[in-house]
Amino acid sequence: MLTVAVLISGTGSNLRALLDAAAVPGFPARVVVVGADREADGFAHAEEFGIPTVLVPFREFETREHWGAELRRQIDVWTPDLIVLSGLMRLLPADLVDAWAPALINTHPAFLPEFPGAHGVRDALAAGVTETGASVIIVDGGVDTGPILAQERIPILPGDTEHTLHERIKPVERRLLIEVVRAIATGEIDLASSAARTDAP
Ligand code: GAR
C-alpha cells in the first residue's frame, strides 16, 4: 500500500477526490497525513476521514528555508512514500525538493509547459487561446517545469471566466491525479525513471 502525504493551501477539492478514491476497497494507496501552509478549508476533508493534519504557517517563519525544514520534519514523521502538492500555493525551497524528489508530484490547472505558475487559469484566459488543460507533473527545481506524468486538453468556451474555466478543469485534474497515484502505487509509473525523462508522455 502506497502511503501518501497531501499538501494544500485552499479548498482541497482534489484532496477530497483522492480521499474518496482511496476509501474504495482495492485502491492501492492511502493518505496518511494532510499538510498546509495556512489554515486551509481543505483540512475539513482530512478531519472527516480521520486523517491527521499538519499546519506549518508560512508567515511564522523568517525564511522559506526555515519553513521548508519544519514542513519536512512534520511530514517525514509519517514516512510517506509519495508527497502530492494539490493546490499548495507556495514554492518549496530547493533543498526540500531535493529531499523529496522524485516522489513529489504536483497538479496544475493548465497544459504544461503552457501557463506555469500561480495563475495558470487566468493566464490562459488572458492569452486568448481556445484550449488549455490539466497536468500532473513531478516537481523539480523550476516552477512547473518537471516531467509530465499525465495531462489532458480542455476547451475554453466563449464567456468563460476564471471561475467557470477552473471549475471545468478541476474534475479533469482530479481524475488525472487519481490515475497517477494508482499507477505509482501499482508500479506502472516508475518515478525515478520518469524523473530522468525529458519528453512528454
Ligand atoms: C487546483 O486547480 C490546483 O491545480 C491549483 O490550485 C487548485 C486547488 O484546488 N494549483 C495551482 O495552481 C498551483 N500552481 P483545490 O484546493 O480545490 O484542490
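A short reminder: the numbers here are calculations on the coordinates, not readings from a lab. It should be emphasised that the depicted structure is a prediction, and the values quoted were computed from it without experimental measurement. Note: ideal-geometry Cβ built from the backbone for every residue, glycine included; neighbour counts use all protein chains shown.
Descriptive notes on the structure:
- GNM top mover of ALA134, ALA69, ALA36 - the chain, alpha-carbon springs below 10 Å: ALA69
- Annotation: the residues PHE43, PHE111, PHE58, sorted from fewest to most other C-beta atoms within 10 Å of their own C-beta, follow the order PHE58, PHE43, PHE111.
- Note that region 45-62 has calculated 3J(HN,Hα) couplings of 5, 4, 4, 4, 8, x, 9, x, 10, 10, 10, 10, x, 3, 5, 8, 10, 6 Hz, one per residue in order, obtained from phi through the Karplus relation 6.51 cos²θ - 1.76 cosθ + 1.60 (θ = phi - 60°); glycine and proline are x.
- Taking other C-beta atoms within 10 angstrom as a stand-in for reagent exposure, MET89, MET1 fall in the order MET1, MET89, fewest first.
- Estimated dipole of region 19-175 in Debye, rounded to 20 [Cβ of Lys and Arg +1, of Asp and Glu -1, Cα centre]: 240
- For region 1-109, GluC sites (Glu not before Pro) are listed when DSSP marks them as loop and at most 11 other Cβ atoms sit within 10 Å of their Cβ; the list is GLU39, GLU62.
- Based on DSSP H segments of at least four residues, each scored -39500 (n - 2.57), the chain has a per-residue ellipticity at 222 nm of -11000 deg cm²/dmol.
- For TRP100, TRP78, order by how many other beta-carbon atoms lie within 10 Å, fewest first: TRP78, TRP100
- Positive minus negative residues near ALA94 (Lys, Arg vs Asp, Glu; Cβ under 11 Å): -3
- Sparsely packed trypsin sites (Lys or Arg not before Pro) within region 169-200, loop by DSSP, other Cβ within 10 Å at most 14: ARG197
- Rounded if a/c under 1.5, otherwise prolate or oblate - region 1-121, Cα gyration tensor axes: rounded
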